[in-house]
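Undergrad: Got a structure here, written out as structure tokens. Questions coming.
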Amino acid sequence: MSSPTFNVLLKQLISLPAAKREEILSRLQKSDPEGYKKLNTYFKVHKGAVDEALGYDHWLRKLGAQTFTRPFAPVHKEFWAWNWETLMKIQDGISLSPQDLVAFIPWAREYGKP
């Protein structure tokens, strides 16, 4: 079994209740000051990392609040889930499989396209 990627660990950290997250970060600061410093530097350089870790729905609605105003239809969710997973693999340096490179998602004429 492979180790979780940085994005997976970041998402787990962000999804914790604030008090638990602060406790973990405080422990990290005490046990590994250099690692804590690197994490802080990462967040300063990658300002969108938290938004990315929260997933495509959060990211799209934050950056495209005037565009993405209604709930996503199942076909939109399917597209964004496939696209987002592929983007996260690229970001984590994971090789893409042929299934990651191609998606067949038929859309009716009346569906909005991203």
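Undergrad: Of the candidates Ala19, Ala103, Ala65, which one comes out as most mobile in a Gaussian network treatment of the chain with C-alpha springs shorter than 10 Å?
TA: Looking only at Ala19, Ala103, Ala65, the biggest GNM fluctuation is shown by Ala19.
Undergrad: Separate question: Nearest 0.05, what FRET efficiency do Ala73 and Ile14 give at R0 = 22 Å with Cβ-Cβ as r?
TA: For Ala73 and Ile14, the calculated efficiency is 0.25.
Undergrad: Please check the chain for the longest run free of trypsin sites (Lys or Arg not before Pro) that are loop-located per DSSP (anything but H, G, I, E, B) and have at most 11 other Cβ atoms within 10 Å.
TA: Excluding the exposed sites themselves, the longest stretch runs over 48-108.
Undergrad: Further, regarding this structure: Measure off 7 Å from each Cα along the Cα-to-Cβ vector at Leu96 and Arg61, then give the distance between these two points in nanometres to one decimal.
TA: Between Leu96 and Arg61, the label points sit 2.8 nm apart.
Undergrad: How many angstrom lie between the C-alpha centres of region 81-104 and region 1-66?
TA: 21 Å
Undergrad: DSSP loop (so not H, G, I, E, B), at most 11 other Cβ within 10 Å: list which GluC sites (Glu not before Pro) in region 26-114 pass both filters.
TA: Glu110
Undergrad: Quick check for me: using +1 on Lys/Arg Cβ and -1 on Asp/Glu Cβ, what's the dipole size of the chain about its Cα centre, in debye to the nearest 20?
TA: The dipole of the chain has a size of about 320 debye.
Undergrad: Also, I was wondering about something else. Computed from the coordinates I sent, Cα Rg over 2.2 N^0.38 Å equals one of [x] 2.00; [y] 1.29; [z] 1.07. Tell me the label.
TA: [y]
Undergrad: Before anything else, pin down the relative contact order of the chain: Cα pairs under 8 Å, at least 6 apart, normalised by residue count, whole percent.
TA: Taking the mean separation of contacting Cα pairs over the length of the chain, I get 22 percent.
Each reported figure results from applying straightforward, stated rules to the coordinates on display, with no laboratory input. Just so we're clear, the structure is a prediction, and the values are computed from it rather than from any experiment. A quick note on method: Cβ atoms are made from the backbone with ideal geometry, for glycine too, and the neighbour counts reach across all protein chains shown.
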